[in-house]
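A short write-up of the structure that comes next.
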Amino acid sequence: MEVGSRSTETDDPATQKNIRTESGSALRAISVDEAIDLAGGFGRSQLRMVALMGVTYMACSVNMFLPVFLEPKVLEIWSDVRPVQAQTLASFFFLGFWVGLFILGSWADRAGRRKVIIVSLIGMIITTCATFLVNSITMMMITRVAAGFATSGAFNGSIVIVLESVPSNWRVGSKALLALFWDVALLTYAVAAYLLRNASWRYLIVMNAYSILGLLLTQLLLSESARFLLAQVSHERATQAVLQMARQNGKSINFLFPSTDEPNFRLRSHPHGANGSTSFFALWKPRVAVLTLAIGFAQFAGTMAFYGLTLSNAQHVTENQYMNTVLGAFAEVPGIFVTWLAAERFGRRITYAAILGTLGVALIGASLPSLGGVATGILLLVGRFAAAGATMICYVVSAECFPTDCRSAGVAWGSSCGRLGAILAPLTFDLPFGSVAYSVINLLAMVSTAALLPETLGKKMDSHDSNEEHEDYEEIETG
C-alpha cells in the first residue's frame, strides 16, 4: 500500500475517517472517486485539466470540419474534380477516424491516456500540414484518412482522461465545457475561413495552430490519469497523481488505495490481463454485449444526424456557409447546457432518450415540404440543438458504463459507431427521404436507450471496488 502525505486539516467530519488524525487513527483504503472528493472535488486542478484538453478538443473540431470550407475551394482549384469527389473528403476523414478509434482506443488502455494523446497530436500536425501541400484530390483523400486516424486518439483520449479526473457530479458538466471549446473552435474557424475567402486555400493551414498549442500544453502540463495508473496496479504513481491534484486544489490529504493483496480488492477485467491487452474483447462478454450494442446504436443515430445536419448541402438555415456554421455553433450551446442540467436532475438514461426523441421529431418536421422556409429553419436549429446534446452526453454514458481497464476501448467503440454514421451522413442525408430515415433511426435509438441502458447518475467509476461498493456496478460490470 502507498500512503499519501500527512494532512493537518482534520476539522471536516466527512474526511476524518480517511486521514490520519493526531490521535493516530488508522487510514481506510478508499476508491479513486473518494480520493478525488478528498482532493477538493472539482477545483483548480480539474479546471486546468478541462482547459488543457479543451485546446486539444478544439484541434479535433477544426480537423473534423475542415471539409466544410475546403470542399468548395477544391472544386475551384482542380477543374477535373467532380462534386461527389469533394463531398467524400469528410467521409474519408471519418474512415480513418473509425479505424483509429479501435487501434488507439485500445492502446490507451495499455500505454496510458497521456501518451496516446501526445502521439496523436503529433500525427495531427503532420497530416494536416500534408493536406495543404498536396496537388491532387487523390493525395488529399489519403491525407484526410491519415488525419482522421490521428485525430481519433486525441479526441477519445481527451474525453476519457477528463471524465476520469473529475468527481461524479461534474462528469456531464466537464464534457459540456469541452463541447464549448469545440464550438469556440468552429466559430474561429468560420471567421478565419471568411477572412481568407479570397486568399489561397492553403492559408487555412493556420488552423493547425490549435494542434501545435495542444501538443505543447499536453507535453508540459498534463498528468496521467490516476484511475489508469491504479488499474495498472501502479499504486505509488496513482497516489502521487491524486496528491498533485490535491496540492493544485489547495488541499492537504492523507489516504491510501486498496492493495492487491487485500481480500476486498478486485480488478473487474483482469481475467483478460492487467495491461488491458484484450480490453476491446471484454466489451463483448455475455453480460455486457447488449449494453455495448445499445451504446453503439444510440451513438450511431445521434452522430449521424449531427453530421448530416452539419455537412449537408441542402439542409441549411441560410445559403451562406459561413453564417450556417456560426448559427449552428450558437444553436449547440443551449443544447449542451440543457442536456447538462437535465442529466444531473433526471438522470443520464431518460435525458439521453428524450434528446434522441427530440432529434427524431425535428428531422421529420424539417423534411415536410408543406412547411415554410422559416419553420424548416427553426426545426433544423432544434435538430442541431438536440444533436449537440446527444453527441455530448453519449460519451459520459459510455465512460460511466465501462471500468477503467477497458474504458478507453468502450468509449472508442461508441465513438466508432458514431463515426460510421459520420461516414454515411455526407453521402446519404441529402437523398430523397434521407432525413426521414434518419428520424426513424433516432426514434428507434430513443426506445433502445430507455429500455436497455442502465442509469449511471452518481455511480462509482472505479475498476476496483470494495464489497460494499460492488452492488453499484452489478448490472454494468465486465468481469
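Sort 191-201, 402-412 by packing, meaning the average of other beta carbons within 10 Å per residue, with the highest value first.
Working: 191-201: 13.8, 402-412: 30.0.
Going from most to least packed, we get 402-412, 191-201.
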| request: Over every pair of different alpha-carbon atoms in the range 37-152, take the mean of 1/r and invert it; report that Kirkwood radius in Å. | output: 15.5 Å
| query | For the range 188-235, with equal point scatterers placed on the C-alpha atoms only and solvent neglected, what are the log10 I(q)/I(0) values from the Debye formula at q = 0.14, 0.22, 0.26, 0.31 1/Å, to two decimals? | reply | -0.56, -0.80, -0.91, -1.03
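Quick one: which of 87-94, 203-210, 72-79, 55-62 comes out on top by average Cβ neighbours within 10 Å, and what's the full order, highest first?
Result, highest mean first: 55-62, 87-94, 203-210, 72-79.
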| query | What is the range 83-225's relative contact order, in percent, from Cα pairs under 8 angstrom and six or more apart in sequence? | reply | 35 percent
| request: Rank by packing, highest mean first: peptides 451-457, 157-163, with packing defined as the count of other Cβ atoms within 10 Å averaged across residues. | output: 157-163, 451-457
| note | Calc'd 3J(HN,Hα), the range 349-360, phi into Karplus 6.51 cos²θ - 1.76 cosθ + 1.60 (θ = phi - 60°), Hz, glycine/Pro = x, comes to 4, 5, 5, 4, 4, 5, 5, 5, x, 4, 5, x
| Got a sec to turn the phi values of the range 385-393 into Karplus ³J(HN,Hα) couplings, 6.51 cos²θ - 1.76 cosθ + 1.60 with θ = phi - 60°, whole Hz, x for Gly and Pro? | 4, 5, 5, 5, x, 5, 6, 8, 6
| said: Quick check on the exposure proxy: order Trp340, Trp284 from fewest to most C-beta atoms within 10 angstrom. | reply: Trp284, Trp340
| message | Could you give each residue of the range 447-452 its phi-based ³J(HN,Hα) in whole Hz, using Karplus coefficients 6.51, -1.76, 1.60 with θ = phi - 60°, and x for Gly or Pro? | response | 5, 5, 5, 5, 8, 10
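No lab work stands behind these numbers, since they all come straight from the coordinates. It should be emphasised that the depicted structure is a prediction, and the values quoted were computed from it without experimental measurement. All Cβ positions, glycine included, derive from the backbone under ideal geometry; neighbour counts span all protein chains shown.
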